[in-house]
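Novice: Below is the structure I would like to discuss, written out as structure tokens.
Throughout, read-outs are computed from the coordinates displayed, never taken from laboratory work. None of the values given here were measured: they were computed from a predicted structure. Methodologically, a virtual Cβ is constructed for each residue, glycine included, from the backbone with ideal geometry; neighbour enumeration extends over all protein chains shown.
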């Protein structure tokens, strides 16, 4: 039995609200951890002045991502009220949800794309912190740029099309974000694992824990991208639920990383060890503590 549009959007409302609630809890915990670690690291007045938390990409991007995810969730709620309350108490809900040229849906899809862009930018930033090489990040940056252009064109196609399955760029977007995350994760693992194995066989375990966190986040992205591609290829309305819960999922993944790092799953071990001479460890700690 095929999933109806009304059922798919009700599922989006329920699952999206659940994910958003989970994300908010993790976001506030991660912000507390980031602020506490920043205050401990920069104790003097001069240090606090020269190293404002608002200069940290991790902090600023987390705030921006929270704003985007909140706005996206708000559009889900707003569209539900329009469909089930404003339009003759739900009599025209299916017609409303099937009209993909609605301004509210275009805004919703645009916010979804922005959330994924921020999530991909954050993992590229982690790759840059570990490698400090423009050559290494060239591929994911190219994928990010392609995703940006493709998302913009995709929104224009959706604006003029009445059938969401006539948009071939949606699958391309999923492939691009999947490629970005797999590439970045693979190179982060390679760099950290190689250095810790060669020069820090025992003291490098803290960075290996960080590898586990990054791999888990990439795993969430991979599952989401593959599941969306499969539902879209099957022309199932479930694809709508999958893609519209993406912003909250992106937020959860990043908030989990910040929270686990803040709780000391990586950095506390580093603080208890003698300062190594490896530049990788220094940059790894910088990324963790920001």
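Novice: Sorted by average packing, counted as other Cβ atoms within 10 angstrom per residue and highest first, what order do 251-257, 101-107, 116-122, 24-30 take?
Specialist: Details: 251-257: 23.6, 101-107: 14.9, 116-122: 22.0, 24-30: 18.1.
My ranking of the peptides, most packed first, is 251-257, 116-122, 24-30, 101-107.
Novice: What FRET efficiency would be calculated for the residue pair residue 194, residue 98, taking the C-beta separation as r and a Förster radius of 41 Å, to the nearest 0.05?
Specialist: Numbers: r = 52 Å, r/R0 = 1.27.
Efficiency, rounded to the nearest 0.05: 0.20.
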